[in-house]
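Worksheet: one structure, shown below.
The values are calculated or read from the model by the stated rules, or taken from the named source; none is laboratory data. Quantities reported herein were computed from a predicted structural model and do not represent experimental measurements. Every residue, glycine among them, receives a Cβ derived from its backbone with ideal geometry; neighbour counts consider all protein chains shown. The area values use the complete protein model at the heavy-atom level, side chains included, leaving out ligands, DNA and RNA. Shrake-Rupley method; radii C 1.70, N 1.55, O 1.52, S 1.80 Å.
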Amino acid sequence: MAPIPKTPEELILMREAGRITALALDAMRQAVRPGISTAALDKFAAEVIHQHGATPAFLNYPPGSPHPFPATATISINDELVHGIPRADRILQEGDIVSLDCGAVYQGYVGDSAITVPVGAISPEAQRLLEVTERALWIGIDKARAGHLTSDIARAVQALVEGEGYSVVREYTGHGVGRSMHEEPQVPNWWPSGRPRMRGWNSVRLVPGITFAIEPMVNVGRPETRLLDDHWTVVTRDGSLCAHFEHTIAVTPEGPPLILTAL
Ligand code: MG
Ligand code: MG
């Protein structure tokens with residue numbers, strides 16, 4: 001099913017949801033330091049979201065699940081890729097990298113964004129991973145233009161990441177964002193080699209007004225991941241370091257997209 005473009009009025013609300021999401025992420029980013037718990041970071045995000053008249057998008061997600069997500073942000077350390085559960089006994093250490101992923105709902109519309117940040121001084125390899133993953137996000141964003149395909153985003157992200165000697169996670173993708181956190185289209189970060197540039201196989205042509213999250217997930221080692229027994233935390237199967245950057249964007253009539261989750 002093709003994604004339905006948002007109206008200008010909806011885009012104003014999406015931008016506000018995105019701005020609040022960005023403020024919450026920024027509050028966590030500023031609090032990151034050795035010795036702080038992931039639960040304490042989560043609290044900063046919750047406070048900011050509530051202060052702005054919004055609600056956390058991840059809390060109790062998905063509805064009806066026997067294991068709904070119990071916090072505001074997902075916070076994932078080192079070989080944890082995404083969906084880490086904040087805990088009072090999970091303490092950041094000097095040299096860690098930590099992925100902060102957060103969403104806010106404002107007047108019925110969702111923002112979704114993630115960053116990976118250093119904890120104190122980190123290794124050159126970890127620093128390079130953060131830089132490559134963030135560059136992958138921006139190259140994907142640059143492809144999110146009217147007339148392009150979601151596979152154009154996927155190919156650009158994959159080419160950059162693999163060109164740097166890293167791998168792209170297959171099991172998780174970007175996604176449409178709007179009144180719910182996961183809508184059409186799926187926005188993968190890889191594309192099977194040999195497939196022609198064509199519609200089909202999840203590739204969707206981008207039209208102005210559609211809104212979605214682009215979110216490269218990059219592993220230093222192999223691309224496979226594994227789900228922990230807590231039903232949420234996703235780790236790299238080989239234990240290698242990984243990183244994740246995400247913005248929610250709106251496709252514009254011409255030129256690059258609007259970054260809805262910018263500060
Ligand atoms: Mg996210
Ligand atoms: Mg997302």
Seminar exercise, completed: Per the helix-only model, the chain has a calculated mean residue ellipticity at 222 nm (DSSP H runs of ≥4, -39500 (n - 2.57) each, divided over all residues, rounded to the nearest 500) of -9500 deg cm²/dmol
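How much area per residue is accessible in the chain when the probe is 1.4 Å and only protein heavy atoms are counted (Å²)? Kindly include the intermediate steps, with their values, before the conclusion.
Working: 11140 Å² over 263 residues.
Ligands and nucleic acids excluded, the result is 42 Å² per residue.
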Problem set entry | Cα gyration tensor of the stretch 53-146 - equivalent ellipsoid semi-axes, whole Å, descending | 25, 21, 10
Exercise. What does the charge add up to near GLY178, with Lys and Arg as +1, Asp and Glu as -1, over the other residues with Cβ less than 11 Å from its Cβ?
Worked result: -2
Seminar exercise, completed: Ordering 78-87, 15-24, 165-174 by per-residue average of other C-beta atoms within 10 angstrom, highest first, gives 15-24, 78-87, 165-174
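Taking only the alpha-carbon atoms of the stretch 1-81, what semi-axes of the equivalent ellipsoid follow from 5 times the gyration tensor eigenvalues under a square root, in whole Å, largest first? Write out the running numbers ahead of the final one.
Working: eigenvalues 131, 62, 32 Å².
Result for the stretch 1-81: semi-axes of 26, 18, 13 Å.
The stretch 91-195: D in µm²/s via Stokes-Einstein (Kirkwood Rh, Cα pairs, 20 °C, 1.002 mPa s)?
Numbers: Rh = 15.3 Å.
Diffusion coefficient, whole number: 140 µm²/s.
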Exercise. Can you give the accessible area of LYS143 in Å² (nearest 10), computed on protein heavy atoms with a 1.4 Å probe?
Worked result: 70 Å²
For this session: Classify the stretch 133-263 as rounded, prolate or oblate from the Cα gyration tensor: take a ≥ b ≥ c as the square roots of its eigenvalues, call it rounded if a/c is under 1.5, otherwise prolate when a/b beats b/c and oblate if not.
Result: prolate
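At 1.4 Å probe size, with the rest of the protein present, what percent of the exposed accessible area of the stretch 8-259 is carbon and sulfur atoms? Can you show the working numbers first?
Values: 5540 of 10440 Å².
Carbon and sulfur: 53 percent of the exposed surface of the stretch 8-259.
Could you rank the peptides 31-39, 134-142 by their average count of other C-beta atoms within 10 Å per residue, with the highest value first?
Values: 31-39: 16.2, 134-142: 20.1.
Result, highest mean first: 134-142, 31-39.
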Exercise. So what is the relative contact order of the chain, in percent, for Cα pairs below 8 Å that sit 6 or more residues apart?
Worked result: 24 percent
Exercise. Does the stretch 8-259 come out rounded, prolate or oblate, given a ≥ b ≥ c as the square roots of the eigenvalues of its C-alpha gyration tensor, rounded meaning a/c under 1.5 and, failing that, prolate meaning a/b above b/c?
Worked result: oblate
